[in-house]
Amino acid sequence: MGNIFSDRISDVPRSFIREILKLTADESIISFAGGLPNRDLFPLDEIKKAANKVLDTAGRDVLQYSTSEGYWKLRKWIAERYESKGIIVAPENILITSGSQQGFDLLGKTLLNEGDKIIIEEPAYLGAIQTFSIYRSKFFPIPLTMNGIDTDILKKITTEENIKLFYCVPNFQNPGGISYSINNRNIIASLLKNKDTLIIEDNPYGELRFLGEEKPSFYQLIPENTVLLGSFSKIVAPSFRIGWIVAKPEIMEKLIIAKQASDLHTNYFGQRIIFQYLNDNNIDEHISKIRQAYGKQRDVMIDAIRENFPEEVQYTQPEGGMFLWVTLPEGLSAMEVFQQAIEKKVAFVPGDPFYVNKKDVPTMRLNFSSVDEDTIRIGIKRLGEVLKSMLS
Ligand SMILES: Cc1ncc(COP(=O)(O)O)c(C=O)c1O
């Protein structure tokens, strides 16, 4: 048989992180590579009670097909949560998806033709790069600074090119760990205000803030131009694969067609359990526990970096989320650091997969949410030894 594969799939590589995670399955390796929430914080007992209650009260109905838009009460809960934060969203404008990852796919199906131009952050979340690549879009990466994206470059690109989408993670970015300042958000909003560019504002970490003040969402600043993505993965549990898209009615109408074509609807039983859990428990208390734990883990990692990394190494100091981004001195290959680090039984993700057109970039992503504090200290010390020996 000849080449049976579509051009669409042939051009897209496998997720590099999934490949790395295979390497780190060895339990003796301390891994800062994953992007996993801390399993010790999953609300196991509460979920068990919620699942039983759903089965006891709704019985066979929860095993039936359901609506493509998602469980109405869950959509209403999400709208009310936004309202409590000053963001006005009608439940009708919320589509429940199989994680925000499916949100990218539905948006790709709905909005992207081959060759359409997308601005992404550099470095960018590789799950989004992978999905948008399948739709054969043309990427325009804009470097991240400590305060957001470089708005001079944004101005230049949006003046010269017809940009369809701008995909961004303004809060506690994955992988950069940075957040856009209010000023950066305002400039971006004013640059895109009367343009046809749609902002895809991906906010899976927004609730996980342990420092600083909440910043306005693009959905508040320019709602007409913004599609907002959210997820329960980081505040309840990722295995449910439940997230959502907030979009204006004309986009929603097409997204529902794409959703039906993809999977009819998101797992209904899962939606009911999540709703029951949210209804019967205090989610703010739960989120506060996660914030405290991650904030502490982040502090421990930063202290250990200060103590153990060579001075030339730079790193971000996230105000929330799960990742910290390290920039090595020019000329030091993060891939080579990775090879040596694995020998010392410590792993991270080298920067390359977060870029669309660069190789051997001297950057690396460290995850602090899924490793306990003592292990963070040991792992960072080992990594410091590798870096010192490579720099000497
Ligand atoms: C920035 C970003 N967007 C989206 C996702 C996918 O999340 P979900 O589990 O909701 O599909 C992740 C997962 O790590 C992420 O980091």
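Please treat every number below as a calculation from the coordinates, not as lab data. These figures come from a predicted structure and were not determined experimentally. Using ideal geometry, Cβ is built from the backbone for each residue, glycine included, and neighbour counts are taken over all protein chains shown.
General remarks:
- Only residues that are among the β-branched types (Val, Ile, Thr) and free of Cβ contacts under 8 Å to residues at least 60 places away in the same chain were counted across segment 284-314, and they come to 1.
- Taken over segment 222-253, the criterion of being polar (S, T, N, Q) and either surrounded by fewer than 21 Cβ atoms within 10 Å (Cβ to Cβ) or within 23 Å of Gln276 (Cβ to Cβ) (or both) is satisfied by Asn225, Ser231, Ser233, Ser239.
- Of all residues in segment 186-205, those satisfying the criterion of being farther than 13 Å from Tyr125 by Cα and either touching a strand residue (DSSP E or B) at 6+ places or on another chain (Cβ under 7 Å) or surrounded by 24 or more Cβ atoms within 10 Å (Cβ to Cβ) (or both) are Ile188, Leu192, Thr197, Leu198, Ile199.
- Among the residues of segment 148-189, those that are of a type in the set (Val, Ile, Thr) and within 19 Å of Leu208 (Cα to Cα) comprise Val169, Ile178, Ile182.
- Number of positions in segment 321-352 that are buried (at least 19 other Cβ atoms within 10 Å of the Cβ) and at positive phi: 1
Conditions (1) in a helix (DSSP H, G or I); (2) in contact with a Cys (Cβ under 7 Å, 6 or more places away or on another chain); (3) under 22 Å from Tyr65 (Cα atoms), marked per residue:
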| residue | (1), (2), (3) |
| --- | --- |
| Trp244 | no, no, yes |
| Glu253 | yes, no, yes |
| Gln260 | yes, no, yes |
| Thr266 | no, no, yes |
| Phe269 | yes, no, yes |
| Tyr277 | yes, no, yes |
| Asp284 | yes, no, no |
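- Within segment 85-120, considering residues that are under 25 Å from Asp7 (Cα atoms) and in a strand (DSSP E or B), the one nearest to the ligand (Cβ to nearest atom): Ile120
- Residues that are part of a loop (DSSP other than H, G, I, E, B), over 12 Å from Leu383 (Cβ atoms) and either of a type in the set (A, V, I, L, M) or in contact with a helix residue (DSSP H, G or I) (Cβ under 8 Å, 6 or more places away or on another chain) (or both) within segment 306-336 comprise Glu312, Gln317, Pro318, Gly321, Met322, Pro329, Leu332, listed in sequence order.
- Hits in segment 158-183 - residues which are polar (S, T, N, Q) and either within 13 Å of Phe218 (Cα to Cα) or under 17 Å from the mean Cα position of the chain (by Cα) (or both): Asn171, Gln173, Asn174, Ser179, Ser181, Asn183
- Verdict on Ile30 being under 21 Å from the mean Cα position of the chain (by Cα), β-branched (Val, Ile, Thr) and more than 16 Å from the ligand (Cβ to nearest atom): no
- Residue pairs meeting the criteria (Cβ under 6 Å; at least 6 apart or on separate chains; first of a type in the set (S, T, N, Q), in segment 129-145; second not in a strand (DSSP E or B)): Thr131/Phe104; Thr131/Asp105; Thr131/Gly108; Ser133/Val12; Ser137/Leu112; Ser137/Asp116
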